[in-house]
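A quick write-up on the structure given underneath.
The values are calculated or read from the model by the stated rules, or taken from the named source; none is laboratory data. Given the structure is predicted, the values throughout are model-derived calculations rather than measurements. Reconstructed Cβ throughout: ideal geometry from the backbone, glycine too, with neighbour counts over all protein chains shown. In case anyone asks, the SASA skips ligands and DNA or RNA and just uses the protein heavy atoms, side chains included. Shrake-Rupley method; radii C 1.70, N 1.55, O 1.52, S 1.80 Å.
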Amino acid sequence: MTISLLVIDDDESVRSTLVEFFETFGYTARGASTATEGRRLAAEHAPDVVLLDLRLPDADGVRALEALRADDPDLAVIVLTGYADVRTAVAAMQHGAADLLEKPVDLELLAAAVSRAAERSRLRQEVALLRAHGRDDATPPVMAPTVSDLIDLAARNPEAPILLQGETGTGKGYIARQIHDRSVRNQSPYVEINCASLSATFFESELFGHERGAFTDARQAKRGLLEVAGEGTVFLDEIAELSPEVQPRLLKVLEERTFRRLGGTTTLRSAARVVVATHQSLADAVAERRFRADLYYRLQVLTITLPPLRERQDEILTMAMAMLPKGSSLTNEAEDALAVYRWPGNIRELKNTIWRAAILAEGRPIEPAHLGLAQAADPPTVTSAPTTEPRTLEQAERAVIRQALTASGGNRTHAARILGIARSTLLEKLKRFPPDIA
């Protein structure tokens with residue numbers, strides 16, 4: 001399929017150079033010198049990608065971007081500017097820019113950016129078709145159909161970087177593995193690393209590898225995960241925590257597919273697909289200058305947002321049933337307790353709750369007390385029973401602890417959470433109380 005390109009730049013030499021350059025790649029390329037002319041040509045020819053200069057004679061580039069995206073929300077627009085700064089990048093990103101490159105632009109990098117933008121546009125169109133027409137194939141019981149469709153889409157496009165977003169515990173690691181297992185890369189290794197768990201030096205060592213003597217404890221050379229993965233998948237969890245000094249090196253891997261080991265001089269090639277995950281907003285991290293805008297652009301070719309469990313209440317019982325160990329069952333009361341709980345820990349909390357409850361039930365049907373959940377949508381507020389008689393501080397404390405233990409079904413960890421104290425503190429207090437409480 002021929003890619004259609006529109007270049008909007010008031011500099012005639014830049015405009016003609018870019019048009020001729022992309023025509024040599026077999027693109028259909030056109031040029032416009034003003035925002036008004038560019039908007040008209042975009043409406044007439046529906047280009048796949050627009051290259052937009054931020055300084056135009058008849059309009060501010062960000063306003064021109066906003067107008068182009070208003071006409072076609074799926075249009076991929078790459079912003080070119082000689083005045084790049086964080087504020088400009090954030091403004092362009094907020095208005096839907098697919099990428100932002102500084103002038104004078106490297107033509108090789110620009111060609112790669114256009115190819116990515118065109119691929120992203122194609123993926124979005126396919127996503128729209130999937131959502132409009134639905135799918136006939138079976139959907140796993142623990143997954144929303146649209147998420148399953150996006151996993152299949154990601155698997156069918158094994159070169160595209162994937163960004164997974166969602167609260168802690170929504171299953172981002174599970175989805176990353178599913179994307180790998182469903183793709184043609186599934187015969188190669190799947191490796192993962194948490195960006196928040198290591199210092200910059202050790203993270204680089206894990207991802208890129210190191211040569212002997214690269215740092216104090218580097219007594220021998222080591223292959224990094226990019227080498228170990230081969231043509232497989234590298235999953236980077238908590239990508240928003242990636243240290244600023246490592247971000248340019250990851251960007252180089254995504255742009256040029258090359259890297260060097262820590263302390264090395266030999267350039268190595270990476271054939272692995274990169275999948276990243278975060279529970280934070282990367283757009284906010286860019287605005288706060290904690291994350292590079294250009295790296296963010298390159299990671300969001302296909303973004304999959306996983307909804308929290310509280311927004312998937314019709315699936316909670318189905319998930320719980322699928323997680324039950326063989327021979328375990330839920331009483332009706334336990335099912336009701338699972339359905340009304342808010343699940344702040346999402347799927348991870350549900351899985352651990354079912355596992356713990358099955359152990360406590362010891363082969364019997366699982367009751368609410370085995371689950372150890374608050375019986376209301378929000379954690380209960382512990383209040384003392386009304387009384388007309390004055391009580392000592394110790395008596396009041398015993399009453400509050402008794403209520404917390406009742407509300408938690410006897411689960412001391414959950415009771416401590418309700419009371420807002422450490423579990424060890426609760427255990428110390430219980431040692432001083434009568435047996436009927438402890």
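I need the full set of residues from region 350-370 which are buried (at least 20 other Cβ atoms within 10 Å of the Cβ) and touching a Ser or Thr at 6+ places or on another chain (Cβ under 6 Å), in order please. Of everything in region 350-370, just one residue is buried (at least 20 other Cβ atoms within 10 Å of the Cβ) and touching a Ser or Thr at 6+ places or on another chain (Cβ under 6 Å), namely Ala358. Contact annotation: no residue pair with Cβ atoms under 6 Å, 6 or more positions apart or on different chains, pairs a residue in region 197-210 that is open to solvent by 10 Å² or more (accessible area, probe 1.4 Å) with a partner that is part of a helix (DSSP H, G or I) and acidic (Asp, Glu). Only one of the numbered conditions (1) of a type in the set (A, V, I, L, M); (2) at pLDDT 90 or above; (3) open to solvent by 40 Å² or more (accessible area, probe 1.4 Å) is violated by Ala46, and that is (2). Among (1) modelled with pLDDT of 85 or more; (2) open to solvent by 80 Å² or more (accessible area, probe 1.4 Å), where does Leu393 come up short? Every listed condition holds for Leu393 apart from (1).
Within region 1-14, the residues that satisfy the criterion of being closer than 20 Å to Leu54 by Cβ and either part of a strand (DSSP E or B) or open to solvent by less than 40 Å² (accessible area, probe 1.4 Å) (or both) are Leu5, Leu6, Val7, Ile8, Asp9. With respect to (1) open to solvent by 40 Å² or more (accessible area, probe 1.4 Å); (2) under 23 Å from Gly173 (Cα atoms), the lone exception for Ser188 is condition (1).
Here Leu250 passes the criteria (1) open to solvent by 10 Å² or more (accessible area, probe 1.4 Å); (2) within 28 Å of Asp217 (Cα to Cα); (3) not in a loop (DSSP other than H, G, I, E, B) except the one numbered (1). Filtered by the rule that a residue be assigned to a loop (DSSP other than H, G, I, E, B) and open to solvent by less than 50 Å² (accessible area, probe 1.4 Å), region 258-280 gives Arg261, Gly264, Ser270, Ala271, Ala272, Gln280. The number of residues in region 334-354 that are at pLDDT 90 or above and over 22 Å from Pro307 (Cβ atoms) comes to 1.
State all residues of region 296-349 that are open to solvent by 60 Å² or more (accessible area, probe 1.4 Å) and touching a Pro at 6+ places or on another chain (Cβ under 9 Å); if no residue qualifies, say none. Within region 296-349, Arg310, Thr318, Met321, Ala322, Glu333, Asp336, Arg342, Pro344 qualify. Taking the criterion of being outside any helix (DSSP H, G or I), under 12 Å from Ala293 (Cα atoms), modelled with pLDDT under 80 and more than 24 Å from the chain's Cα centre (by Cα), would at least one residue in region 76-84 satisfy it? Yes, that holds for at least one residue.
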